[in-house]
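J.: Could you have a look at this structure, given as structure tokens, before my questions?
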Amino acid sequence: MLFYTRSHAEKAFAQLPSLLIEKYNATLLKTQANYFHFVCVTKIFRFKDDVEFLLDDCVIQIRSASRIGYSDLGTNRKRLESIRNDLKKAV
């Protein structure tokens, strides 16, 4: 989760599509007023991961899950930490 003031949360949330598409080569599958669903593909084995963002007042909730397997060797966590850092810099 990322906590912001309302205006910062909206600004950070609006930057998510361009950030994920440009930096993480993500594909935007679904968008709503306060929700984004992306698919990211890992570089080496080309596994698909679902990454979702929900703007809930002053909080951006984040969910990332591998579609296959039991372990992703920390790939999802590293990606989300990187996204959090990028958003902190941007706001």
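J.: How fast does the chain diffuse by Stokes-Einstein, in µm²/s, taking the Kirkwood radius from C-alpha pairs at 10 °C and 1.306 mPa s?
T.: Estimated diffusion coefficient is 119 µm²/s.
J.: Of 33, 82, 12, which is farthest along the charge dipole of the chain in the positive direction, counting Lys and Arg as +1 and Asp and Glu as -1 at C-beta?
T.: 82
J.: Treat each spin label as a single point 7 Å out from the Cα along the C-beta direction, and report the residue 80 to residue 6 distance in nm.
T.: 2.7
J.: Compute the distance in nm between two label points, each set 7 Å from the Cα along the Cα-to-Cβ direction, one at residue 15 and one at residue 37.
T.: The modelled label-to-label distance comes out at 2.6 nm.
J.: With axes computed from alpha carbons, what is the tilt in degrees of helix 6-24 against the longest principal axis of the chain, rounded to the nearest 10 within 0 to 90?
T.: 30
J.: May I pose another question? Please determine, in degrees from 0 to 90 and to the nearest 10, the orientation of helix 75-90 with respect to the longest principal axis defined by the Cα atoms of the chain, where the helix direction is its Cα long axis.
T.: With rounding to tens, the tilt is 30 degrees.
J.: If you don't mind, another one. Hey, with R₀ at 30 Å, roughly what FRET efficiency would residue 71 and residue 23 work out to, going by the Cβ-Cβ distance, to 0.05?
T.: 0.80
J.: Per the helix-only calculation at 222 nm, which mean residue ellipticity applies to the chain, given -39500 (n - 2.57) for every DSSP H run of n ≥ 4 and division by its residues, nearest 500 deg cm²/dmol?
T.: -13000 deg cm²/dmol
J.: Any idea what the relative contact order of the stretch 2-90 is, in percent, if you count C-alpha pairs under 8 Å spaced at least 6 apart?
T.: Once divided by the residue count of the stretch 2-90, the mean separation gives 23 percent.
We did not get these values from a lab; they are worked out from the coordinates using the rules stated. Because the structure is a prediction, the values reported are computed rather than measured. Positions of Cβ are generated from backbone atoms using ideal geometry, with glycine treated the same way; all protein chains shown enter the neighbour counts.
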